[in-house]
């Protein structure tokens, strides 16, 4: 048996999410079906994160076990040939130890959220960013966001369907900056609760619009109550950027 | 009568091109039909450039005449509401003099060409860039491209269907640079021949791959012969970026 660790890039638009779903196409189903035609038997893919419907990935890490002694390069090439026309690509692939696990060995995850802050409807960025029409104050969003850094009970920013054992998470970085008409939010942590990034971004947008004073982010966090949440940002602006592992 | 000058952004993917075509949807048809529902009579849109099927625009300039005394802002808002779901947006709109013409008053045009220089199939950039699998030497492409700057007979880089009266054009700028796995080509001139940018990019890619020595760009130009053309780059990497007018 050979364990392959690989990096996936995908457009989340056509999928019900990363995880296999009974009611529609998923990234997991596409990857597993492609692998099965190569390996000749059923396989299970494990991924670093479980992204929602419409969420994209620039660098999702995953693994699966091959009963065949293929080279990682040949496996990647065969996967990319068989994944078409699904908008999923294997960017790299290496052989890893049998106890390496894309999800359980992961010690850090990085996300990016893109807001298209403009009045005109989106064309080339449609489905790739959240459009916010009124002007956002990215500097105010950045200042307000710093209250979220550190170890906190993130219940306010947690989906009611979150399956995490604890709402306690340590947020390492959250940074907001403007690049032209795009407002970019970058954040990383060992792990995130379900909907945590989208919930944080939604509240920060309220700060950016001037609807919330900057200090209300800290208040919402301290409330530990989902009803203190201002807004959940939509999935199409969210990108899983990277997963980190011990050397 | 009020003449509106406006900036269009569009995803060229679903269109047969900017100009109205008998055999499929065009940007012109979508814009004119949207304007007609607002203005209550048929209108003709004139644009700075006539982009091909699949070519995108970040800042195409155009104009049309309104028989109604609408404000430019109200016209823009109404257009954006009616253009949906077509991936076309009006980014700004101003009133101009009756003798201002988006095409004939234009004194400069700028294009960008995006090459995704990577092995893995495209997902989020599919239809938004030309994928070139083998490594490109962007510095060599840039050096070679400088032979194209200035006033030349660009017959080699001209479509057989080009309707320009003369193959003589003055290329002001062509610059090639790498940004990660993207190779960007930016070029501007008063005007371009049909397929000129795509033809130049196609030949420069042959230099970047090492198939052509750098000096062959100058040789191809000097040949003034379409058969000296190496390759025509595909439309999906091309973006009309800006049109320039006298102050």
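Of everything listed in (1) without any contact (Cβ under 8 Å) to a residue 60 or more places away in the chain; (2) in a loop (DSSP other than H, G, I, E, B); (3) surrounded by fewer than 22 Cβ atoms within 10 Å (Cβ to Cβ), the single unmet condition for residue A:32 is (2). Of all the criteria given as (1) within 24 Å of residue B:118 (Cα to Cα); (2) surrounded by fewer than 18 Cβ atoms within 10 Å (Cβ to Cβ), the one not satisfied by residue A:111 is (2). Within the stretch A:49-103, the residues that satisfy the criterion of being more than 13 Å from every other protein chain (Cβ to nearest Cβ) and under 16 Å from the mean Cα position of the chain (by Cα) are A:49, A:50, A:51, A:52, A:53, A:61, A:62, A:102, A:103. Kindly check whether there is at least one residue in the stretch A:182-200 that is within 25 Å of residue B:76 (Cα to Cα), in contact with a strand residue (DSSP E or B) (Cβ under 9 Å, 6 or more places away or on another chain) and not in a helix (DSSP H, G or I). Yes, the stretch A:182-200 contains at least one residue that is within 25 Å of residue B:76 (Cα to Cα), in contact with a strand residue (DSSP E or B) (Cβ under 9 Å, 6 or more places away or on another chain) and not in a helix (DSSP H, G or I).
Scanning the stretch B:124-140 for residues that are more than 11 Å from chain A (Cβ to nearest Cβ) and assigned to a strand (DSSP E or B) yields a total of 2.
Regarding residue A:147, is this residue assigned to a loop (DSSP other than H, G, I, E, B), buried (at least 16 other Cβ atoms within 10 Å of the Cβ) and not assigned by TED's automatic domain parsing to the domain that holds residue A:47? For residue A:147, the condition - assigned to a loop (DSSP other than H, G, I, E, B), buried (at least 16 other Cβ atoms within 10 Å of the Cβ) and not assigned by TED's automatic domain parsing to the domain that holds residue A:47 - is not met.
Summed over the stretch A:1-27, the residues that are within 14 Å of chain B (Cβ to nearest Cβ) and touching a helix residue (DSSP H, G or I) at 6+ places or on another chain (Cβ under 6 Å) give a count of 3.
Scanning the stretch A:206-227 for residues that are within 21 Å of residue A:166 (Cβ to Cβ) and in a loop (DSSP other than H, G, I, E, B), we see that the one that is modelled with the highest pLDDT is A:224. For the subset of the stretch A:129-144 comprising residues that are out of contact with any helix residue (DSSP H, G or I) (no Cβ under 6 Å at 6 or more places or on another chain) and over 27 Å from residue B:73 (Cβ atoms), which member is surrounded by the most Cβ atoms within 10 Å (Cβ to Cβ)? Looking at the filtered set, the residue picked out is A:142.
For the stretch A:40-63, the set of residues classified as touching a helix residue (DSSP H, G or I) at 6+ places or on another chain (Cβ under 8 Å) and free of Cβ contacts under 8 Å to residues at least 60 places away in the same chain consists of A:42, A:43, A:44, A:45, A:47, A:62, listed by residue number. When residue A:179 is tested against the conditions (1) over 23 Å from residue A:13 (Cα atoms); (2) within 14 Å of another protein chain (Cβ to nearest Cβ); (3) touching a helix residue (DSSP H, G or I) at 6+ places or on another chain (Cβ under 8 Å), the lone failure is (3). State whether the residues of the stretch A:12-31 include one that is farther than 30 Å from residue A:130 by Cβ and either in the same structural domain as residue A:232 (by TED's automatic domain parsing) or modelled with pLDDT under 95 (or both). No, the conditions are met nowhere in the stretch A:12-31. Of the residues screened, residue B:120 is one that is more than 27 Å from residue B:245 (Cβ to Cβ), within 14 Å of another protein chain (Cβ to nearest Cβ), surrounded by 22 or more Cβ atoms within 10 Å (Cβ to Cβ) and in contact with a strand residue (DSSP E or B) (Cβ under 6 Å, 6 or more places away or on another chain). Considering only residues in the stretch B:228-247 that are within 22 Å of residue B:152 (Cα to Cα) and out of contact with any strand residue (DSSP E or B) (no Cβ under 6 Å at 6 or more places or on another chain), the one that is modelled with the highest pLDDT turns out to be B:232.
The values are calculated or read from the model by the stated rules, or taken from the named source; none is laboratory data. The shown structure was predicted, so the numbers you read here are calculated from the model rather than taken from an experiment. Positions of Cβ are backbone-derived with ideal geometry, glycine not excepted, and every protein chain shown enters the neighbour counts.
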